[in-house]
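Trainee: Quick one: the structure is below, questions incoming.
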Amino acid sequence: MLEIALAEPEKGILQKDISDRQKISVKYLDNIIASLKTAGLITTTRGKKSGYRVTRKPGEIRIIDIYRAFEPEIAIVDCMSCNHVCDFSASCGAKPFWTGLNTIITEYFQSNTLEDLIKNHREKQLN
């Protein structure tokens, strides 16, 4: 998402360029691109060589939105999953700890945006 967000909005970025910069195979990237498109986070640019661009301003795309393109929820351990049934849930002394940690992580993902990553990236480039 960072590579796509850093690209010129009109042109976008080619999948091959993302692959080269991130040192991942185009085939592997196909799956990532498909999930991001399905989630409505990216779209294809029009033109001779179509690339990808973000569908919203980076400040409007939260990290949790990107995460949810691949996973329905954050579950630090299995028992935090909505679908998990545990016979010990009511008497588990560790569950409040895992619930708290899961909440902290979820809130962190919700409070950061793609724009935050862009700012961090640009600061690193200046150093």
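The values are calculated or read from the model by the stated rules, or taken from the named source; none is laboratory data. On a predicted model such as this, the values are computed, not experimentally measured, just so you know. All Cβ positions, glycine included, derive from the backbone under ideal geometry; neighbour counts span all protein chains shown. Surface accessibility is based on the protein's heavy atoms, side chains included, excluding ligands, DNA and RNA. Shrake-Rupley method; radii C 1.70, N 1.55, O 1.52, S 1.80 Å.
Trainee: Can you give me the Cα centroid spacing of segment 57-94 and segment 1-49 in angstrom?
Mentor: Measuring centre to centre over Cα atoms gives 26 Å.
Trainee: Quick one: which of Lys11/Lys37; Lys11/Lys119; Lys49/Lys124 span more than 26 angstrom between C-alpha atoms? Don't jump to the answer; show the numbers that get you there.
Mentor: Numbers: Lys11/Lys37 17 Å; Lys11/Lys119 21 Å; Lys49/Lys124 30 Å.
Pairs exceeding 26 Å: Lys49/Lys124.
Trainee: Another question about this same structure. Do any GluC sites (Glu not before Pro) in segment 1-68 lie in a DSSP loop with no more than 12 other beta carbon atoms within 10 Å, and if so, which?
Mentor: Numbers: sites: Glu3, Glu10, Glu60; in loops: Glu10.
Sites meeting the loop and neighbour criteria: Glu10.
Trainee: At a 1.4 Å probe, what is the % contribution of carbon and sulfur to the accessible area of the chain? Don't jump to the answer; show the numbers that get you there.
Mentor: Working: 4690 of 8870 Å².
It is 53 percent, rounded to a whole number.
Trainee: Here is a further query. Rounded, prolate or oblate for the chain? Axes are the square roots of the Cα gyration tensor eigenvalues, ordered a ≥ b ≥ c, and the cut-off for rounded is a/c under 1.5.
Mentor: Working: a/c = 2.76, a/b = 2.02, b/c = 1.36.
Prolate, since a/c reaches 1.5 and a/b exceeds b/c.
Trainee: Any idea how far apart Ile104 and Lys16 come out in nm if each label point goes 7 Å out from Cα toward Cβ?
Mentor: 4.6 nm
Trainee: Within segment 97-127, find all residues whose amide N lies under 12 Å from a label point positioned 7 Å from the Cα of Ser89 along Cα-to-beta-carbon.
Mentor: Taking a point 7 Å out along Cα→Cβ of Ser89, no residue of segment 97-127 has its backbone N under 12 Å.
Trainee: With a probe of 1.4 Å, find how much accessible area the chain has per residue, and write the answer as a whole number in Å².
Mentor: Details: 8870 Å² over 127 residues.
About 70 Å² of surface per residue is accessible.
Trainee: Now for a separate question. Just order 108-117, 84-93, 23-32, 70-79 by mean Cβ neighbour count inside 10 Å, highest at the front, would you?
Mentor: On the way: 108-117: 15.7, 84-93: 9.3, 23-32: 11.2, 70-79: 13.6.
Peptide ranking by packing, descending: 108-117, 70-79, 23-32, 84-93.
Trainee: Can you compute 3J(HN,Hα) from phi for each residue in segment 110-123, using the Karplus curve 6.51 cos²θ - 1.76 cosθ + 1.60 with θ = phi - 60°, rounded to whole Hz and x for Gly and Pro?
Mentor: 6, 8, 10, 10, 4, 4, 4, 5, 4, 4, 4, 4, 5, 4
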